[in-house]
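Take a look at the structure set out below.
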């Protein structure tokens, strides 16, 4: 169960994962040792999975975002083809979905020529039957941050 301090820590870390423990403690108004202990517990519980750097795809020349639905011949409940799709470097996300298509992928490429090359890679995987690609014209919001408004908070329950 998370309390209000845990939620504050998580919100700050989602915004700035590079923050020092001392600065984190200062923002929350606690001792650095107490904050460090809480962060370690959140890591041990698996609430905090890892820390990463977010790169600017436009600055790297890979600004074309696409969402691709992929239909496969996978037997029901099998995700073997999805696992192979996930191994392709341009593919950032693979979601196994219900419906007409088996997978929803997010991929980034530099231009339509490299998108065509990516689609050829998909076609080389046995069992891939069809795909539907959507090109992103402009991204209005993209985040990995989770809203913690729903999170169970001990102090709220205790005060009731």
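The values are calculated or read from the model by the stated rules, or taken from the named source; none is laboratory data. Treat the numbers as computed from the prediction; the structure is a model and nothing was measured. Quick reminder, even Gly has a Cβ in these numbers, built from the backbone with ideal geometry, and neighbours come from all protein chains shown.
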Any residue that is in contact (Cβ under 8 Å) with a residue 40 or more places away in the chain and either touching a helix residue (DSSP H, G or I) at 6+ places or on another chain (Cβ under 6 Å) or not assigned by TED's automatic domain parsing to the domain that holds residue 122 (or both) - is there at least one of those in region 80-89?
no
Working only within region 17-41, note down all residues that are under 23 Å from residue 144 (Cα atoms), touching a helix residue (DSSP H, G or I) at 6+ places or on another chain (Cβ under 7 Å) and not in a helix (DSSP H, G or I).
19
Residue check: is residue 51 outside any strand (DSSP E or B) and at pLDDT 95 or above?
no
For a quick check of your reading of the model, give me the residue pairs whose first member lies in region 124-152 and is closer than 30 Å to residue 11 by Cα and outside the structural domain of residue 84 (by TED's automatic domain parsing), whose second is in a loop (DSSP other than H, G, I, E, B) and modelled with pLDDT under 95, with beta-carbon atoms closer than 8 Å and at least 6 apart or on different chains.
144/54; 152/1
Looking for something over 30 Å from residue 125 (Cβ atoms), at pLDDT 95 or above and surrounded by 16 or more Cβ atoms within 10 Å (Cβ to Cβ) - is there at least one such residue anywhere in region 60-74?
no
Every pair of residues 6+ apart whose Cβ atoms lie under 8 Å, when the first sits in region 36-47 and is over 20 Å from residue 26 (Cα atoms) while the second is assigned to a helix (DSSP H, G or I)
47/6; 47/10
Looking at region 7-16, which of the residues that are in contact with a helix residue (DSSP H, G or I) (Cβ under 8 Å, 6 or more places away or on another chain) and free of Cβ contacts under 8 Å to residues at least 60 places away in the same chain is surrounded by the most Cβ atoms within 10 Å (Cβ to Cβ)?
9
How many residues are surrounded by 12 or more Cβ atoms within 10 Å (Cβ to Cβ) and within 23 Å of residue 143 (Cβ to Cβ) when one looks only at region 17-58?
12
Hey, any hits in region 66-73 for a residue that's over 27 Å from residue 17 (Cα atoms), out of contact with any helix residue (DSSP H, G or I) (no Cβ under 7 Å at 6 or more places or on another chain) and part of a loop (DSSP other than H, G, I, E, B)?
yes
